[in-house]
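Below is one structure, written out as structure tokens; the observations come after it.
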Amino acid sequence: MPGVFGIRTFYLEEYMEYREFLDFLAIAEKLKCNTRHSWTSSGRHESVAEHSWRLALMAYLLKDEFPEVDISKVIVMGLFHDMGEAVTGDIPAFVKTEADEITEEGAIEGLLSKLPAKQNEELRSLFEEMKAQESVEAKLYKALDKLEALIQHNEADLSTWLPLEYDLQMTYGTRECEFSEYIKGLRDTVRDDSRRKAGTQDMQ
């Protein structure tokens, strides 16, 4: 509704006030600071924000392969899925526990509570959909989340791989990719790249 001098007045229940908008961005900025286990091709740890950005990019680039999917929703899933790590930091999947998952969910709950009701409800519903893994959108997001990590490992120097990752590059994300023939083919191509990276055909 119009305010002083005809300027629209923003109310918290519908819009983010300027300071609340900036405060939320300040928390999200931690995703630029908090690093993941993965290394980049330039020899540094990648940030959580970089992983989320490329996951969203992957979704957009595959939109024509999945015309029945709401790609905009998948992009938002990619951008927000690790938001809790702005508070908790990243814990590699191979050491992450159920307790860690609960802690991260609590962090997400706290962050969403800072948003206006409409955005709170939208994102809460989105996180529930991602967790349920029933919609095609949720399945695509999850598969791309796994694949992005594998691709990043292939792009990093082999010296950054842990011994257990030679097996993980062959097994990580297999179940999540089963829902789509295209995604399974992409997973197989990434797997082939891992074999070439490791310089062996013995990786199964």
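Side notes on the structure shown:
- Of the residues making up the range 139-171, those that are within 18 Å of residue 39 (Cα to Cα), small (Gly, Ala, Ser) and either surrounded by 14 or more Cβ atoms within 10 Å (Cβ to Cβ) or within 18 Å of the chain's Cα centre (by Cα) (or both) are 149, 156.
- Top-ranked residue in the range 54-83 [being of a type in the set (Phe, Trp, Tyr) and in contact (Cβ under 8 Å) with a residue 24 or more places away in the chain; ranked as surrounded by the most Cβ atoms within 10 Å (Cβ to Cβ)]: 80
- Any chance residue 129 is part of a helix (DSSP H, G or I), charged (D, E, K, R) and within 25 Å of residue 40 (Cβ to Cβ): no
- Residues satisfying the stated conditions in the range 84-110, i.e. touching a Leu at 6+ places or on another chain (Cβ under 9 Å) and surrounded by 15 or more Cβ atoms within 10 Å (Cβ to Cβ): 84, 85, 86, 87, 108
- Within the range 37-46, the set of residues being within 19 Å of residue 141 (Cβ to Cβ) and touching a helix residue (DSSP H, G or I) at 6+ places or on another chain (Cβ under 6 Å) comprises just one member, 38.
- Scanning the range 91-101 for residues that are assigned to a loop (DSSP other than H, G, I, E, B) and over 17 Å from residue 130 (Cβ atoms) returns 91, 92, 94, 95, 97.
- Filtered residues of the range 164-200 (kept if closer than 20 Å to residue 64 by Cβ, among the acidic types (Asp, Glu) and assigned to a loop (DSSP other than H, G, I, E, B)): none
Readers should treat all values here as calculations from the given coordinates under stated rules, not as data from a laboratory. In this text, all values refer to a predicted model and were calculated from it rather than measured experimentally. In this analysis, Cβ positions are derived from the backbone assuming ideal geometry, glycine residues included, and neighbour counts consider all displayed protein chains.
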